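Engineer: Have a look at this one.
Bear in mind these aren't lab numbers, they're just calculated from the coordinates by the rules spelled out. A quick note: this is a predicted structure, and the numbers were derived from the prediction, not measured. Reconstructed Cβ throughout: ideal geometry from the backbone, glycine too, with neighbour counts over all protein chains shown.
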Amino acid sequence: MIFIAIIFIFIGVLFSFLGSLGILRMKDTYNRLQTSTKATTLGAFSTIIGVGFLNPSWFFKLILIAFFILITSPIASHSLARASHKTGIKLEENQFDALNNENGEKK
Amino acid sequence: MNYNLPVLLIAIPILFSFLSLILGSFNKILSKIILISVIIFNIISGICIYNSVLKNGNILTVIGNYLPPFGINLISTYTSISFLILLYIVFLVASLIFVSKNDDRADKISSVLLLYLASSTGILLTGDIFNLFVFIEIFSISNIILISIKDKKLSIKGSLKYLIITSIGASLYLFGIGFLYGILGTLNLSEISLNFDNISYFSKVFIFLFFLGSIMAELEVFPFNFWISDSYAGSKNYVNILLSGLSSIVALYIFIRLFLTVFGYPTFISFSYSLPFNVKTLFLTIFGLSVIVNELAALSSKNVKRILGFSSASSLSLILLSLSTGLKNGVMAAMLIAISVIISKPLLFLSSHQIMKGKGEKNLNSFIDGFRRNPLFSILFIIGVFTLVGFPLTPSFWGKFLLFISATEKISYTTLILVIVVFSITIELFYYFRLMHKLFIKDENIKVEKTKNNFVYIFSGILLASIIIFFSVKPYFTQNIVEKTTEDIFDKSGYIKSCLKSGEIDDR
Amino acid sequence: MRESDFNVGKFFAFLFVLILFLFMLSPLFEEGDGAKIDKNLSDIKNRVSYFHSLKSVKEIERILSDNNDFSKYREITDSAKTVIFGESKDLENGTANLVTSIVLDYRGFDTLGELIVLFISILGLTIILSTLSFAKFEEPSFLQITGVKFVTPFMILVGIYIFLHGHLSPGGGFPAGAIIATATLFSLIGCKFNYRVSNLKFIESNAGFFVILLATLGLYFTGSFFGNYLPTGIVGKLYSSSLILIIYSLVGLKVGAELSVGIKTLYNGEKDDDR
Amino acid sequence: MMIDNRTLYIYSFIIFLIGIYGAITNRNLIKILVSLSIIETALNIFLVSTGYINGSNPPILHSGMKLISPNSINISDPLPHALVLTAIVIGVGTTAIGIGLTIKLYNHYKTLNVNRMGDKDEL
């Protein structure tokens, strides 16, 4: 039981680390958002599962926590991306923006 | 023994500051009425406490029904309560001026003023070091707000500078508290002062420097005084009165309480044997430098409010200089100078504001022909200047005289103190006489109109001037007060005994 | 300022900081008595809070007032009571969270000051920013609206839970107020829920008024400000702490309303809502 | 590495000095405010460290927990935690006021750099 828990927690920590590494390595805002949200979601999830194996009596609370992370994390990343797009932050390499028209103006 | 009036001095203003917001949303006049009535209540109960302190000695007020050192307590000593009454008089003047003006935000500002009153009372009465910190924070935040009321670039810049310097100071203060609590395990001022000598050498130096650094900004001392020039020049008239009168009382009291009563002069002297630097020399150097720098800054500035601000900072430093001689005469001198500065500085701000009324620029030239425009306030201005500089028979004169005497007692510092005091008096005389000379210059080209004075200004100006005259005419009364205050400041074991009911400690 | 000047300034700042650091380390490596910080830290018995955490201040006070010497309280540590979760009752205060018992009972006056600091700073914010108005924000997207509508009620519920259980579990009025204020921030951004500042101010000042009124009533019932005059129950039950539950609830409401006022002021300026 | 009071002290000093360094060298008002909050964080760590005892429980009673005097009291000191609560709230208040003033100054000067806020304009 403890062994499985440790494996899950290890995976979670690894993904959180990779996510924070991605924030350092990626070049622009949108890529950074992608790495951070995706990696931290998985990281948090597997950590929660690991803790659930360690302490089965906390199962219900942990499900609630996981549920709220599942709901809030995409909304947060969506609002961040939307805000940065509205304020005019551009992509680093590929200048093509599907949300703009051909002349590069906002729709 | 458990005498609860002092806590009401803090609780009632807080209670009515909330009420002032609630009722002020209906009618702004209600909040003004609340402000004035709370101050009158505080003055009356302050006088009651003064009488009972005279009769029974220090009063201990317990909060939360837990005796010290377990809970928080207030201690009303003779010093604190007489400082408090002075403070209330200055506050009454400032708030009367505030009430006489129209302001859209009157309810909010009167609420801030009430909290200012509560916090300064709390600083003067509290017997707990962390509680002191909380009240200092409230005090400095309300100072920041009051400076920034006048919505000009200068005032906002001044208040931001004040905020940065005080928040660094506050963090230093908290570091000091952390050290003290980690070593002694208590937060009560009396218990700290009982055990402070037992702390090891480096930690003692540390705590001392932390607390000194933290109250430097409040004290308007030289390296930390860069907020003065903007905040005095950019703030409103009643805020100037509060800053110059009230702020200096509070800062002075914190200095006296922390460094003279709690850490104690005996500790200072034992310090000086083991430290690479002598604490007394350090103090004298800092404060003497501060006097000189502030006087020079006042001499070089053109704006009248700036001149007065720097001059109040320099006189505060002079008071601290005479406190840090550590002699009985020096402390008495400090008290005498403090009385005259605290009352005359608001008078100067008030009367200079009335003299310059109607002039767009607030520089030196707006004083020209002031006597014909506004004779009453010109006379009040001259009274204020004479009191501040030390015209014979004023308390300030006796104070400076005593400082000379105390300087001759300890030979090693005599020249330093003499030079500083003479220097400061000379420069003060120079720039104040320049201002007073401008009052009597007649400008024949312009037709002079007499300024109409508001009744509130006349009342408060005459109140302050009559207090000064009272102190000067009755020197024995003044001497009595000052001697009692000095005795109280040096009475470390009495302070501890009133709190912990014990504490044998050898003074000096 | 040019780059070259800047580097010199930075270098001197670094030197200054380094010297400060070396100086700050000095008390730790002191010989003899100097290690006092470390020595005392390992023992809670040398501190005032020992009696706070065993809830036996009154007992010690009784013993000390016979001896008439309050500076020797450290010598009589044996007479403190035992506190057992779920069993001990009629103690000085029944809070299971010892931090709360210090914050609101033994050092309640500090918390009053803390409340006032928050109050005055938000008041100052509204005074300072009252003449400004900011640009309007963008319309929220569908995802944001749905998410906010889903999450906000839960957040308010959690906030209320936290301030009601401030004496049993970590948390209390201030974090709860912060959570509630976050909920109002979400609803402001997400679904343009435009609350009136004056209503919130009314709640805030009333809550503050009642906190001080409750504290002042202690003057009448127990003879000292902030004294507890309600009975205490068994440690660990919801109704175990006398005044603490009521005061923390008021604090939670007050802080929530206050921070919401601050958020609204920073969001829009106070100018263009009511009036 | 074992974490005891001494390490916590040193860490909090380092963070404090980082904050001081930032407050001295930065010219941007927002960065100065950030440095001030870094100083406050250092302070909170320091205050908590004064109450920390190696291997002790948190000062919150839970089911089955006993506090027996004088020998078996195994909780960390709750008083510094209370102080830290107060200190945090005070820090929030100061930061709020600072941000308000900064917004106001930005509105006047259209810049956040302290050096560009000239003194010629008034008085």
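Engineer: Packing-wise, with mean Cβ within 10 Å as the measure, how do B:212-222, C:200-210, B:341-351, B:11-21 rank, highest first?
Structural biologist: B:341-351, B:11-21, B:212-222, C:200-210
Engineer: Could you tell me how many cubic angstrom of Cα convex hull volume the protein assembly as shown has per residue?
Structural biologist: Value for the protein assembly as shown: 191 Å³ per residue.
Engineer: Nothing charged except the Cβ atoms of Lys and Arg (+1) and of Asp and Glu (-1): what's the magnitude of the dipole of chain B about its Cα centre? Round to the nearest 20 debye.
Structural biologist: With Lys and Arg at +1 and Asp and Glu at -1, about 1540 debye.
Engineer: Count, for each residue of D:29-42, the Cβ atoms from other chains sitting within 10 Å of its Cβ, then give me the mean as a whole number.
Structural biologist: Per-residue shielding by partner chains comes out at 2.
Engineer: Taking 0.36 nm per intervening residue step and subtracting the Cα-Cα distance, what contour gain separates B:TYR3 from B:GLU361 on full extension?
Structural biologist: Contour length minus Cα-Cα distance gives 123.7 nm.
Engineer: Also: What Kirkwood Rh does the stretch C:103-202 have if only Cα atoms enter the pairwise 1/r average? Answer in Å.
Structural biologist: Evaluated over the stretch C:103-202, this radius sits at 15.8 Å.
Engineer: I would also like to ask the following. Residues with amide H under 5 Å of C:GLU92's amide H, sequence separation 5 or more or different chain, H placed in the peptide plane at 1.01 Å from N; which?
Structural biologist: none
Engineer: On a 23 Å Cα-Cα criterion, which of the cross-link pairs B:LYS108/D:LYS110; B:LYS492/C:LYS72; B:LYS302/B:LYS345; A:LYS90/D:LYS104; B:LYS362/B:LYS442; B:LYS101/B:LYS305 come out too long?
Structural biologist: From B:LYS108/D:LYS110; B:LYS492/C:LYS72; B:LYS302/B:LYS345; A:LYS90/D:LYS104; B:LYS362/B:LYS442; B:LYS101/B:LYS305, over 23 Å: B:LYS108/D:LYS110; A:LYS90/D:LYS104.
Engineer: Across the stretch C:98-268, how many lysine pairs, 8 or more positions apart or on different chains, have C-alpha atoms separated by under 15 Å? Please give the number.
Structural biologist: Pairs that pass both the separation and distance tests number 6.
Engineer: Further question: Which far-off residues, 5 or more places away or on another chain, put their amide H under 5 Å from the one on B:LEU327, with H placed in the peptide plane?
Structural biologist: none
Engineer: Still on this model: Using the count of nearby Cβ atoms within 10 Å as a rough guide to exposure, how do B:THR281, B:THR415 rank from fewest to most?
Structural biologist: Arranged by neighbour count, lowest to highest, B:THR281, B:THR415 become B:THR415, B:THR281.
Engineer: Have a look at B:ASN365, B:ALA465, B:ILE97 and report the one farthest towards the positive end of the charge dipole of chain B, computed about the Cα centre with Cβ charges (Lys/Arg +1, Asp/Glu -1).
Structural biologist: B:ASN365
Engineer: Here is a follow-up. Based on DSSP H runs of at least 4 residues, each adding -39500 (n - 2.57), what is the mean residue ellipticity at 222 nm of chain B after dividing by all its residues, to the nearest 500 deg cm²/dmol?
Structural biologist: Computed mean residue ellipticity for chain B: -24500 deg cm²/dmol.
Engineer: Give me the mean projected area, in nm² to one decimal, of the convex hull enclosing the Cα positions of chain B.
Structural biologist: Convex hull of Cα atoms, orientation-averaged projection: 22.5 nm².
Engineer: Could the peptides C:12-18, B:44-50 be put in order, highest first, of the mean number of other beta-carbon atoms found within 10 Å of their residues?
Structural biologist: B:44-50, C:12-18
Engineer: When only C-alpha pairs under 8 Å and at least 6 residues apart count, what is the relative contact order of chain A, in percent?
Structural biologist: Here the relative contact order equals 30 percent.
Engineer: Compute the angle between helix A:2-25 and the longest alpha-carbon principal axis of chain A, please, reported from 0 to 90 degrees and rounded to the nearest 10.
Structural biologist: The angle comes out at about 20 degrees.
Engineer: Only four residue types carry charge here, +1 at the Cβ of Lys and Arg and -1 at the Cβ of Asp and Glu. Report the dipole size of the stretch B:280-473 about the Cα centre in Debye, rounded to the nearest 20.
Structural biologist: The calculated dipole for the stretch B:280-473 is roughly 400 debye.
Engineer: Quick one: helix C:3-25 against the long Cα principal axis of chain C, what's the angle to the nearest 10°, folded into 0 to 90?
Structural biologist: With both axes taken from Cα atoms, the answer is about 20 degrees.
Engineer: What is the helix-to-structure angle for B:129-147, meaning the angle in degrees between its Cα long axis and the longest Cα principal axis of chain B, kept from 0 to 90 and rounded to the nearest 10?
Structural biologist: 10 degrees
Engineer: Determine the shielding of peptide D:6-14 by partner chains: average, over its residues, the number of Cβ atoms on other chains within 10 angstrom of each Cβ.
Structural biologist: Per residue, the average neighbour count from other chains is 4.
Engineer: Rule-of-thumb check for chain C: C-alpha Rg over 2.2 N^0.38 Å?
Structural biologist: Dividing the Cα Rg of chain C by 2.2 N^0.38 Å gives 1.33.
Engineer: Pop out the Kirkwood hydrodynamic radius of the stretch B:26-112 from its pairwise C-alpha distances, inverse of mean 1/r, in Å to one decimal.
Structural biologist: The answer is 14.9 Å.
Engineer: Highest GNM mean-square fluctuation, chain C, Cα pairs closer than 10 Å: which of C:ILE76, C:ILE60, C:ILE84?
Structural biologist: Among C:ILE76, C:ILE60, C:ILE84, the largest mean-square fluctuation in the Gaussian network model of chain C belongs to C:ILE76.
Engineer: Over the Cα atoms, compute the radius of gyration (one decimal) and Dmax (the largest Cα-Cα distance, rounded to a whole number) for the stretch B:280-473, in Å.
Structural biologist: When restricted to the Cα atoms of the stretch B:280-473, Rg and Dmax are 17.5, 58 Å.
Engineer: Near the amide H of C:ASN97, under 5 Å away, which other amide H atoms are found, from residues 5 or more places off or on another chain, if H is placed in the peptide plane?
Structural biologist: C:LEU168, D:LEU61
Engineer: Per residue of B:198-208, how many C-beta atoms from partner chains lie within 10 Å of its own C-beta, taken as a mean?
Structural biologist: Other-chain Cβ atoms within 10 Å of each residue's Cβ, averaged: 4.
Engineer: When only Cα pairs under 8 Å and 6 or more residues apart are kept, what is the percent relative contact order across chain B?
Structural biologist: Rounded, it is 15 percent for chain B.
Engineer: Residue farthest toward the positive end of the dipole of the stretch C:98-268, with Cβ of Lys/Arg at +1 and Asp/Glu at -1: which of C:GLY236, C:ALA215, C:VAL158?
Structural biologist: C:VAL158
Engineer: Report the far tail of the P(r) of the stretch A:2-86, meaning the percent of Cα-Cα pairs longer than 20 Å.
Structural biologist: Here the tail beyond 20 Å accounts for 40 percent of pairs.
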